[in-house]
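Chemist: For reference, the structure I am asking about is given below.
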Amino acid sequence: SGSKEPAPGSSGQGNSSKMFGSMINCAEAERIERMAEALSMEGAPSWAAPYIKVLAPVVGVTGAGIEAIAPVIVQIGGHCYAIYKQLPSHAITGIWGLGICFFGGRYTVTISAIEAFYVTGGSQTIMCLKDLYEQFDAVRKASALDDKVDDDRDGIADVKQITQRQLAKRKAAIAFRTADPEVLSRALSGVWAGYMGVLAVLKFKFAQTVALAHSIGDSLRPAAAKVFAPALLSVMPAEYRRWVSPIINFGCKLVSGLVAWKIQRTISTVQSGIKGGLIASRAGIALLRARGYFTTPDDKTLLDEAGGYSLAACGIYYQIFRGGLPVPALVRPVFWPLNILEWWLEWSVTWMAKDSTVPETK
């Protein structure tokens, strides 16, 4: 069989490898980078192609990083769930109460979303997420096997000897052959239904915050247009001036949302501190009573209230006056996903269209 010529850029290390070295799977990052470049040259709109090409190394690193981290996160989650199942129910309740007491103000929407998640049928959504992960894992394994294929037996994998366009088509074909469309459709619809159910509960719970954000945004928009529109119009080329109004609207939404949720977080800090402190205190006493260390009935002691309000005072103090519990530098990355989730939920609750509906499965 005739030998294939190496694709442009396949003989050396790509930008992703140069940027991150051995921190990620460099070959996988280069493969994803090449597919992003192929999209910029073949399928993307002309105005977006230059940006996609510039961001191709970032896409490659991000994709390879997700592929590397996702199995680890799933494994850690499995171990945590196994520990969770072995803990006494009172201990789980106490840990939840401490979390609300000391983090309820910082992650007020996330904690409310978790509570709403279980109320609105979270177990079904978890099953859909498992189905999605299984489909993703199957495609990932099939792609990894394809990366080793050498049909012409020249000692070089076929994926390293084809053009970027051919690589993108080849991987897309593998994904379509491997994934089950019925399972994907059902799982995506289930996840979307669960998300919209949680969002509906959050919109109702934080209706006053949403109204405050909209009111602040509506008040800011006319003044912001008068102040910033002339400056933006003067520096922007004529073909980009249609973006001035959306930029100003987005800025007003961002500022009004930050102000409204800052007020809500202060209120939630006090509420969650008292609620979480009492939950943790009563769970601790119930655990001691179950072990035989404490026998006094609840109606004959004030120990649960004393302990709960003491914890509440500590939680409120640390969240308001200390900015939250000090987190060691090594543990901070664990909280990044929570911070991103909190921001996204705040934005969704405040600005997502009211008429969003669950997509139907055909």
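Chemist: Keeping the other protein chains in place, figure out the carbon and sulfur percent of the accessible area of the stretch 130-222, with a 1.4 Å probe. Kindly include the intermediate steps, with their values, before the conclusion.
Modeler: Working: 3390 of 5460 Å².
Answer for the stretch 130-222 is 62 percent, counting heavy atoms of protein chains only.
Chemist: I would also like to ask the following. Where in the stretch 104-139 is the amide nitrogen less than 18 Å from a point lying 7 Å along the Cα-to-Cβ axis of residue 322?
Modeler: 104-107
Chemist: Might you tell me the accessible area per residue for the stretch 74-231, computed with a 1.4 Å probe and given in Å²?
Modeler: The answer is 59 Å² per residue.
Chemist: Could I ask something else about it? In 5 Å bins starting at 0, how do the alpha-carbon pair distances of the stretch 219-317 split up by percent?
Modeler: 2, 12, 13, 11, 8, 7, 6, 6, 6, 6, 6, 5, 5, 3, 2, 0
Chemist: While we're here: Roughly speaking, what is the stretch gain from residue 145 to residue 123, that is 0.36 nm per residue apart minus the C-alpha to C-alpha distance, in nm to one decimal?
Modeler: Residue separation times 0.36 nm, minus the Cα-Cα distance, leaves 4.6 nm.
Chemist: Between residue 133 and residue 226, what's the calculated FRET efficiency when r is the beta-carbon distance and R0 is 41 Å? Round to 0.05.
Modeler: About 0.25, to the nearest 0.05.
Chemist: By how many nm would the segment from residue 218 to residue 95 lengthen if fully extended, with 0.36 nm per residue of separation less the alpha-carbon distance? Before the final figure, lay out each step's value.
Modeler: Values: separation 123, 0.36 × 123 = 44.28 nm, distance 4.12 nm.
Once the chain is fully extended between residue 218 and residue 95, it gains 40.2 nm.
Chemist: Oh, and also: Filter 85/262; 148/169; 141/169 down to the pairs with a C-alpha to C-alpha distance above 26 Å, please.
Modeler: Those over the limit are 85/262.
Chemist: Choose one of 191, 263, 237: the residue whose Cα lies farthest towards the positive end of the charge dipole of the stretch 174-287 (beta-carbon charges +1 Lys, Arg; -1 Asp, Glu; about the Cα centre).
Modeler: Toward the positive end, the furthest listed residue is 263.
The values are calculated or read from the model by the stated rules, or taken from the named source; none is laboratory data. Bear in mind that the values here come from a model prediction, so they are computed numbers and not experimental data. Positions of Cβ are backbone-derived with ideal geometry, glycine not excepted, and every protein chain shown enters the neighbour counts. Remember, those area values only see protein heavy atoms, side chains included, never the ligands or the DNA or RNA. Shrake-Rupley method; radii C 1.70, N 1.55, O 1.52, S 1.80 Å.
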